[in-house]
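Step one of this worksheet: look at the structure below.
The values are calculated or read from the model by the stated rules, or taken from the named source; none is laboratory data. Just so it is clear, the structure is predicted and the values come from calculations on it, not from any experiment. Cβ: placed from backbone, ideal geometry, glycine included. Neighbour counts: every protein chain shown.
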Amino acid sequence: MRPVLVDTSVWRYFFAGRATARPLATLLEEEGIVLVHPLVVGELVLGGLSSDQERLLQRLPAVKRVPYEEVLSFIRRRRLARRGIGWVDAEIITSGLTSGAEVWSFDGAVVTVAGEFGAAFDANFGPSC
């Protein structure tokens, strides 16, 4: 199984106990499968985390941030402007691709773009093609 870079939306649902994010618990049981991105952790901290939630995130492996110029080049080469994703989304997708991970998000635009590169994770059906 390829590693899975988990987006903010999935973590929020998971921490809220929503059924759609329950498969994350199974993934967390496998060492090194769930990856975090520093910007996702930052968004979650700003939204408020319990100390247990923060410790969970700290023990997970993190992908390396992709330099600004590379993200900008990726956006331009792949014509991602006006596709409904923001800068953080673009960096998460780029980081996922460069680290060989799939991206799991509940944001439809992120799923669509990541899916175009065969990097969208679907907890119900596994990875995209």
Matching entry among 113, 88, 66 (being part of a loop (DSSP other than H, G, I, E, B) and among the hydrophobic types (A, V, I, L, M, F, W, C)): 66
Unmet criterion (only one of (1) within 22 Å of residue 115 (Cα to Cα); (2) in a helix (DSSP H, G or I); (3) more than 12 Å from the chain's Cα centre (by Cα)) for residue 81: (2)
Pair list, Cβ < 7 Å and 6+ apart or interchain, from segment 54-72 residues that are under 12 Å from residue 36 (Cβ atoms) to residues that are modelled with pLDDT of 95 or more and among the β-branched types (Val, Ile, Thr): 57/36; 57/41; 60/34; 60/36; 62/36
The listed residue being loosely packed, with under 13 Cβ neighbours inside 10 Å, at positive phi and in contact (Cβ under 8 Å) with a residue 60 or more places away in the chain, out of 48, 100, 118: 100
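Each row is one residue, and each column tells you yes or no for (1) within 26 Å of residue 22 (Cβ to Cβ); (2) in contact with a helix residue (DSSP H, G or I) (Cβ under 8 Å, 6 or more places away or on another chain); (3) at pLDDT below 95; (4) not polar (S, T, N, Q).
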{"residue": "36", "(1), (2), (3), (4)": "yes, yes, no, yes"}
{"residue": "45", "(1), (2), (3), (4)": "yes, yes, no, yes"}
{"residue": "74", "(1), (2), (3), (4)": "no, yes, no, yes"}
{"residue": "83", "(1), (2), (3), (4)": "no, yes, yes, yes"}
{"residue": "114", "(1), (2), (3), (4)": "yes, yes, no, yes"}
Lone unmet requirement of (1) touching a strand residue (DSSP E or B) at 6+ places or on another chain (Cβ under 6 Å); (2) closer than 20 Å to residue 90 by Cβ for residue 28: (2)
Candidates 54, 102, 69, filtered to the one that is charged (D, E, K, R) and touching a Phe, Trp or Tyr at 6+ places or on another chain (Cβ under 6 Å): 102
Enumeration of residues in segment 91-110 that are more than 23 Å from residue 19 (Cα to Cα) and either at pLDDT below 95 or in a helix (DSSP H, G or I) (or both): 91, 92, 93, 94, 95, 96, 97, 98, 99
